[in-house]
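Down below is the structure, laid out as structure tokens.
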Amino acid sequence: MSRAFLVVLDSAGCGGAPDADRFFNDGRPDTGANTLGHIAEACARGMGDEGRSGPLRLPNLDALGLGAAIRLASGLEAPGLGAQPAGLWGAATEISQGKDTPSGHWELAGVPVPWDWHYYPDTEPAFPEALTAEVCRLAGTEGILGNRHASGTVVIEEEGARHLETGWPICYTSADSVFQIAAHEEAFGLDRLLDLCRALAPTLHAMKVGRVIARPFLGAPGRFERTDHRRDFAIAPPAPTLCDWAKEAGRAVHAVGKIGDIFSMRGIDDVRKGKDAELMRHLLDHVRHAEPGSLTFANFVEFDTNFGHRRDVAGYARALEWFDSCLPELAGAMQEGDLMIFTADHGNDPSWTGTDHTRERVPVLGAGVGARAVGLVGFADVGASIAAHLGIAPRGTGRAFL
């Protein structure tokens, strides 16, 4: 039985979204944002030479069709990415009205989001008094810290000392539909933080806030560092997704990275987490050993969290080149009949205004089915195509391109 591997490079968009003018960063529309294309251009101009140097080098992704996908999506000729495609290639357009993690992943898995997400205003305080009071009640504290839009690393540095003094949780949000709580793993307690987020999640999900995110950290003032124990408590998908279709068909479904959180573990047998380097080892292990007919769904989040939001062009380029260098080993472990698709869930152009996600099309690259141009497709078509490859009838809105 054929196997399938769906691999999301979190935020690695390729521009060209037809509705980008309806999405904003610091008051500037996302029109023209192009995560991969602009990184390639910056590197070609010598603007990505921290920890690396020269043009962006992604020979393996480009051989599948990355440069061609960027050109198809946005019309941009990405410097250094001009290979003749030898894999499946195209670009996908999202219809869900959000440029966030759940929207992108759910739609890739066949289920566009049917509602408008709730977002918090960019004011201080950002949260209504009733919500703040509920957090205090659940946490057993007299107040919260933060209460504003903020970068996670910045707000920890700004509020961490007071957090250690008061024991109050640090609560913040962003342009996404999220409520994030940061707390010190030892002083506040990791289990206590997770319990707080878990207890608060139903209230926020009822408001159509997409995720409550636990952001634990360690260290002392000036040396705070977030740990690997992040946990997303996401609202459940509104309908069965690719994971459910596969599970109901009797197939094993393996999650790598934050996929289990994004899908509330629905239709998922097991999950492996860690930093991206560890996730690559987990993915490789699944490619070597996953059962016939199985689905492995992976997310590599550090492109987004470590480099996109921080507007770090060179760091994003380094991460892309590292990922590309791992592809030959993955390809060498694939079995006859396997399909591996590389894609993204949204953009996060590190050359753009602000620090939020950018509305973009995403590349769709495939190994295992030979050279094949699939053109401009929908996010949901990815899930439908993987289902078709596995011999499972899709139930979503997508149409298979295989």
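The values are calculated or read from the model by the stated rules, or taken from the named source; none is laboratory data. What you see is a predicted model, and the numbers here were worked out from it, not measured in a lab. Cβ atoms come from the backbone with ideal geometry, glycine included; neighbour counts cover every protein chain shown.
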**Complete:** Among the residues of region 102-121, the number that are of a type outside the set (Phe, Trp, Tyr) and farther than 18 Å from Arg399 by Cβ is 9
**Request:** Among the strands (runs of 3 or more DSSP E) lying completely within region 126-200, list those that include at least 3 residues that are among the hydrophobic types (A, V, I, L, M, F, W, C).
**Result:** 178-184
**Fill in**
With criteria (1) in a helix (DSSP H, G or I); (2) crowded, with 17+ Cβ neighbours inside 10 Å; (3) at pLDDT 95 or above, Trp322 comes up short on (2)
**Prompt:** When both residues are 6+ apart or on different chains and their Cβ atoms are under 9 Å apart, which pairs have a first residue that lies in region 273-290 and is closer than 12 Å to Ala333 by Cα and without any contact (Cβ under 8 Å) to a residue 60 or more places away in the chain, and a second that is surrounded by fewer than 20 Cβ atoms within 10 Å (Cβ to Cβ) and of a type in the set (Asp, Glu)?
**Reply:** Leu284/Glu329
**Criterion (in contact with an Asp or Glu (Cβ under 6 Å, 6 or more places away or on another chain), at pLDDT below 95 and either buried (at least 20 other Cβ atoms within 10 Å of the Cβ) or farther than 22 Å from Glu41 by Cβ (or both)) met by exactly one of Asp304, Asp261, Asp276** = Asp261
**Prompt:** Within region 355-402, can you find the residues that are at pLDDT below 95 and over 18 Å from the mean Cα position of the chain (by Cα)?
**Reply:** Ala393, Pro394, Arg395, Gly396, Thr397, Leu402
**Request:** Tell me which of these Gly54 doesn't satisfy, since it passes every other one: (1) on the phi > 0 side of the Ramachandran plot; (2) in contact with an Asp or Glu (Cβ under 9 Å, 6 or more places away or on another chain); (3) free of Cβ contacts under 8 Å to residues at least 40 places away in the same chain.
**Result:** (2)
**Asked** Can you name the residue in region 147-196 that is more than 23 Å from the chain's Cα centre (by Cα) and either under 22 Å from Gly308 (Cα atoms) or of a type in the set (Phe, Trp, Tyr) (or both) and, of all such residues, is surrounded by the most Cβ atoms within 10 Å (Cβ to Cβ)?
**Response** Phe188
**Arg311, sole failed condition from (1) free of Cβ contacts under 8 Å to residues at least 60 places away in the same chain; (2) over 27 Å from Thr227 (Cα atoms); (3) in a loop (DSSP other than H, G, I, E, B)** = (2)
